[in-house]
Amino acid sequence: MINSLPLFHRINGQKVLVLGSGDTAEPKIRLIERAGGIIEDDIQRAIDEGVKVAFVAYDDAEACKVAAINLRCAGMLVNVVDMPDLCDFTTPSILDRDPVLIAIGTGGASAGLAKHVRLRLDAILPQSLGKLASALLSAREKLRAKHPDGADRRRVIDAALREGGELDPFDAASADKVENWLANEQSINDGKNQIIQLTSEDPEDLTIRQMRWLGVADIILMEGDVPGTVLARARADAQRVPSEHAKADYPGQTVVRLVAPIQAA
């Protein structure tokens, strides 16, 4: 289970309420302006104009609590700086490879931890990652025409983007290979079947290879009482099917059979 729902909220050209000033408010103001938002600092005007997002950065903790309650009652989503228990949302540490955005959050537990995770990722992700995303966007319509079936299209893209694939995101040269890949790739119709015998309910006990299988599976067949913590590591759009309801065959699709941990006698 995750304690927050990660979302990317477009605020370009929209007003965002920011209450407070100084060192606590300035980072939020810069973040909002970086995303194209317009700063509003008057509560009543924000309410009258239907502003939906608010940041509270007063120095006084009690004033923050009162403002958070009032703004929430007015229908706004509220972030109170350095007071995660009063927040409807928190702001992550952001790694920008426009249009790719990687957001690292800790639910307000430690901004420092999120920052250092971002710095580590920044060192290993190529600067060309955004260029790769833009190239794939430009190729979308041609790819749809070539592979009208969504599942087939997803398998083709997965094969190209996997580690060592033709468009490996960690390869700085991949952004320049998209056009050639699109002209020469072939449809992938041979589905794969894998079995994962779980050794425990802890997803950390999965091997790296097993994690990759879960990440690309179209169908998850569940044999026995498969832990939800393990299922959470699979693709969100993968079908989850109890083994007793499984079909004899899933042509062209990648199927992973998850077998529940063997219980000690």
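The values are calculated or read from the model by the stated rules, or taken from the named source; none is laboratory data. Everything quoted here is computed from the prediction, not taken from an experiment. Glycine gets a Cβ as well: all are built from the backbone with ideal geometry, and neighbour counts include every protein chain shown.
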Please go through the range 36-85 and pick out each residue that is closer than 21 Å to Ile104 by Cα and at pLDDT below 95. Val81, Asp82, Met83, Pro84, Asp85
Within the range 210-232, work out how many residues are of a type in the set (D, E, K, R) and at pLDDT below 90. 2
Can you find a residue in the range 134-153 that is without any contact (Cβ under 8 Å) to a residue 24 or more places away in the chain and touching an Asp or Glu at 6+ places or on another chain (Cβ under 8 Å)? no
Could you please let me know if Thr207 is surrounded by fewer than 16 Cβ atoms within 10 Å (Cβ to Cβ), out of contact with any strand residue (DSSP E or B) (no Cβ under 6 Å at 6 or more places or on another chain), more than 21 Å from Arg140 (Cα to Cα) and not acidic (Asp, Glu)? yes
